[in-house]
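Step one of this worksheet: look at the structure below.
The values are calculated or read from the model by the stated rules, or taken from the named source; none is laboratory data. All values reported here derive from a predicted model rather than from experimental measurement. Backbone-built Cβ (ideal geometry, glycine too); neighbour counts: all protein chains shown. The accessibility values were calculated without ligands, DNA or RNA, using every heavy atom of the protein model including side chains. Shrake-Rupley method; radii C 1.70, N 1.55, O 1.52, S 1.80 Å.
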Amino acid sequence: MISQRKDDHVRLAVEQQHGHVGRNQFDEVSFVHHALAGIDRPRVSLATTFAGLSWPVPLYINAMTGGSEMTGRINRDLAIAARQTGVPIASGSMSAYFKDESCAATFSVLREENPDGFVLANVNATASVEKARRAVDLLRADALQIHVNTVQETVMPEGDRSFSAWVPQIGKIAAGVDVPVIVKEVGFGLSRETVLTLRELGVRVADLGGRGGTDFARIENGRRDLRDYSYLEGWGLSTAACLLDAQGVDLPVLASGGVRHPLDVARALALGARGVGASGTFLRTLMDEGVEALVVQLSTWLDQLAALMTMLGAATPADLTRRDLLIQGSLREFCADRGID
Ligand code: FNR
């Protein structure tokens, strides 16, 4: 049953990408153009450091899959693309592995194909400390993601209906594993209040995982006979809104959800992200055009990000946070409602 769900998620996520890559609130963030701000390309370094971690690039392939034959093949290809481009990569939820160890290889392929890369394991917020450790061990993971996804669980017919244990369990996992713990949403966003709670729990990084790209309410509605939660589609805080909401919080943040192109990566870095992830758009390239096309896409994104940084006068990803930004439209209203300057 889990493996059928994993295959459904891939199919429905790719269908969503075919629909349209629409507008989202990143479009309401623009750089003030300074015509003489540019620097020389050789000065630009894409390397980023946060929470004691060092990444060669501020871009990552975010959590997607594993647990079935097809998703094992997808993970193999994602891992090959990660290895060829130096991009960090996260596993999909490893619950299927805890239920049935015979699917271990569909996850461990992430490490086998990418022995020297940065690999993140992924568990849910009800995983025991022992399971979280097994997930890290299987991938020899450099960090552990815990996903929080109450909206998805609610729309999922077989989903969880009890959420109160998540907060204490996240704290136990963060204290009980030997690698940094990153808590991530799956496309509905983490509010400032949530990020502050995560910091109290000993979580080292928050991946804001906001609205604007893959919509898991829509995916789970697509798996129901009756689409009776369709009114939850579009729920949540956009990634740009989450980045503004988390300004000044003393916890490193990553940005993902609705990142469509290198300009969105630059916008997210300018709004304070230490790294920027995408899932759906990379999956679509892989499924439609194959692994070589994904390698080209990742390399192009990195190359163009460096070009944008050169034009904007940012020698490092952290330098981008000092660029002047304009915030417009509904995002500006969000800032006013939340008391953000
Ligand atoms: C996901 N995502 C996800 N996240 C997670 O933490 N564990 C998981 O198992 C999955 N599974 C999964 C499957 C598929 C097919 C997709 C496309 C995505 C969520 C993902 O990591 C990310 O948060 C969202 O997809 C939003 O980012 P994009 O797709 O808008 O870039």
Worksheet item: ALA165 is checked against (1) more than 22 Å from SER95 (Cβ to Cβ); (2) open to solvent by 50 Å² or more (accessible area, probe 1.4 Å) and fails just one. What number does that condition carry?
Response: (1)
Fill in: Test: LEU283 is more than 13 Å from the ligand (Cβ to nearest atom) and crowded, with 18+ Cβ neighbours inside 10 Å
no
Worksheet, complete the sentence: Per the filter on the stretch 11-33, residues among the aliphatic types (A, V, I, L, M), within 15 Å of the ligand (Cβ to nearest atom) and modelled with pLDDT of 95 or more are LEU12, ALA13, VAL14
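So which of LEU59, LEU46, LEU36, LEU53 is closer than 26 Å to LEU271 by Cβ, in contact with a Phe, Trp or Tyr (Cβ under 7 Å, 6 or more places away or on another chain) and modelled with pLDDT of 95 or more?
None of the others qualify; the one that does is LEU59.
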Practice prompt. Determine whether ARG260 is open to solvent by 20 Å² or more (accessible area, probe 1.4 Å), farther than 16 Å from PRO88 by Cα, near the ligand (Cβ under 10 Å from one of its atoms) and in a helix (DSSP H, G or I).
Written response: no
Worksheet entry | Filter result (open to solvent by 10 Å² or more (accessible area, probe 1.4 Å) and within 27 Å of THR49 (Cα to Cα)) within the stretch 142-152 | ASP142, HIS147, VAL148
Discussion item. The conditions are (1) open to solvent by 10 Å² or more (accessible area, probe 1.4 Å); (2) of a type in the set (Gly, Ala, Ser); (3) within 14 Å of the ligand (Cβ to nearest atom); (4) at positive phi, and GLY187 fails exactly one of them. Which is it?
Written reply: (1)
Worksheet entry | Number of the exception - ASP160 against (1) loosely packed, with under 15 Cβ neighbours inside 10 Å; (2) among the acidic types (Asp, Glu); (3) not in a helix (DSSP H, G or I) | (1)
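Let's see how each residue does on (1) away from the ligand (no atom under 16 Å from the Cβ); (2) open to solvent by 40 Å² or more (accessible area, probe 1.4 Å); (3) in a strand (DSSP E or B); (4) touching a Leu at 6+ places or on another chain (Cβ under 8 Å):
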{"site": "GLN4", "(1), (2), (3), (4)": "no, yes, no, no"}
{"site": "HIS9", "(1), (2), (3), (4)": "no, no, no, no"}
{"site": "ALA35", "(1), (2), (3), (4)": "yes, yes, no, no"}
{"site": "THR49", "(1), (2), (3), (4)": "yes, yes, yes, no"}
{"site": "SER54", "(1), (2), (3), (4)": "yes, yes, yes, no"}
{"site": "ALA63", "(1), (2), (3), (4)": "no, no, no, yes"}
{"site": "ILE74", "(1), (2), (3), (4)": "no, no, no, yes"}
Worksheet, complete the sentence: Restricting attention to the stretch 224-257, the residues that are open to solvent by 10 Å² or more (accessible area, probe 1.4 Å), not hydrophobic (A, V, I, L, M, F, W, C) and not in a loop (DSSP other than H, G, I, E, B) number exactly 2
Fill in: Filtered residues of the stretch 322-334 (kept if touching a helix residue (DSSP H, G or I) at 6+ places or on another chain (Cβ under 6 Å) and surrounded by fewer than 17 Cβ atoms within 10 Å (Cβ to Cβ))
LEU325, GLN328, GLY329
Response to the item:
Filtering helices (runs of 4 or more DSSP H) wholly in the stretch 270-327 for at least 3 residues that are under 21 Å from ALA13 (Cβ atoms) gives 280-289, 291-312
Worksheet item: Any chance the stretch 194-209 includes a residue that's at negative phi, in contact with a strand residue (DSSP E or B) (Cβ under 9 Å, 6 or more places away or on another chain), assigned to a helix (DSSP H, G or I) and within 13 Å of the ligand (Cβ to nearest atom)?
Response: no
